[in-house]
1. Would you check which residues across segment 136-146 are closer than 23 Å to residue 17 by Cβ and not in a loop (DSSP other than H, G, I, E, B) and list them?
2. Sort through 54, 17 and tell me the only one that's over 19 Å from residue 146 (Cβ atoms), modelled with pLDDT under 95 and more than 14 Å from the chain's Cα centre (by Cα).
3. Conditions: (1) under 22 Å from residue 4 (Cβ atoms); (2) touching a strand residue (DSSP E or B) at 6+ places or on another chain (Cβ under 7 Å); (3) at pLDDT below 95; (4) surrounded by fewer than 19 Cβ atoms within 10 Å (Cβ to Cβ). Residue 63 meets all but one. Number of the miss?
4. For segment 78-130, how many residues are in a helix (DSSP H, G or I), farther than 19 Å from residue 58 by Cβ and in contact with a helix residue (DSSP H, G or I) (Cβ under 9 Å, 6 or more places away or on another chain)?
5. In this structure, does residue 1 turn out to be at pLDDT 95 or above, more than 14 Å from the chain's Cα centre (by Cα), surrounded by 11 or more Cβ atoms within 10 Å (Cβ to Cβ) and farther than 17 Å from residue 125 by Cβ?
6. Can you tell me which residue among 50, 133 is in contact (Cβ under 8 Å) with a residue 40 or more places away in the chain and part of a helix (DSSP H, G or I)?
7. Pairs please, first residue from segment 96-114 and closer than 18 Å to residue 34 by Cβ, second anywhere and loosely packed, with under 15 Cβ neighbours inside 10 Å, Cβ atoms under 7 Å, 6+ apart in sequence or on different chains.
């Protein structure tokens with residue numbers, strides 16, 4: 001599996017290829033790639049929407065060291081842009097079997113996130129991972145379903 005080809009396939013249509021995940025799971029090389037969900041550890045501090053957006057943008061800017069090894073998405077969810085706290089979560093595809101060292105060494109904010117490995121053979125894990133990239137609503141850690149207020153992709 002080629003990460004560059006996977007990225008090109010996902011973004012082959014605007015805003016993204018809606019059929020991407022129909023074939024992705026068959027192509028996924030579980031021995032050479034790993035999937036992770038990402039959850040910010042201090043979501044209760046995300047009370048101002050624009051500041052939470054800045055946090056998301058800053059994190060993604062500092063991920064440049066893993067551009068050759070990763071593809072990801074990060075989202076801010078909440079009831080609306082006025083009522084915090086907001087929850088930051090994401091999903092990542094990494095070359096290799098774990099979060100690359102470059103992610104944690106070059107991006108000091110990576111330690112503020114919990115990284116949970118996704119089991120690609122589990123249908124619920126697959127659906128949750130797919131939802132991070134494509135759904136208009138995501139499930140918060142409280143179990144409530146909130147709209148995606150902001151979503152940013154890492155290509």
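The values are calculated or read from the model by the stated rules, or taken from the named source; none is laboratory data. This one's a predicted model, so the numbers in the text were calculated from it and none came from an experiment. Positions of Cβ are generated from backbone atoms using ideal geometry, with glycine treated the same way; all protein chains shown enter the neighbour counts.
1. If the condition is that a residue be closer than 23 Å to residue 17 by Cβ and not in a loop (DSSP other than H, G, I, E, B), then 137, 138 are the ones that fit.
2. On the way: 54 fails: modelled with pLDDT under 95.
The conditions single out 17.
3. With respect to (1) under 22 Å from residue 4 (Cβ atoms); (2) touching a strand residue (DSSP E or B) at 6+ places or on another chain (Cβ under 7 Å); (3) at pLDDT below 95; (4) surrounded by fewer than 19 Cβ atoms within 10 Å (Cβ to Cβ), residue 63 is out only on (4).
4. Let us first name the residues in segment 78-130 that are in a helix (DSSP H, G or I), namely 101-106, 108-112, 123-130.
From the residues that got through so far, the ones that are farther than 19 Å from residue 58 by Cβ too are 101, 123-130.
In the following step, the residues that additionally are in contact with a helix residue (DSSP H, G or I) (Cβ under 9 Å, 6 or more places away or on another chain) were identified as 126, 129-130.
Here the count works out to 3.
5. Working: at pLDDT 95 or above: no; more than 14 Å from the chain's Cα centre (by Cα): yes; surrounded by 11 or more Cβ atoms within 10 Å (Cβ to Cβ): yes; farther than 17 Å from residue 125 by Cβ: yes.
So residue 1 does not fit the description; no.
6. Numbers: 50 fails: in contact (Cβ under 8 Å) with a residue 40 or more places away in the chain.
None of the others qualify; the one that does is 133.
7. 104/111; 113/41; 114/41
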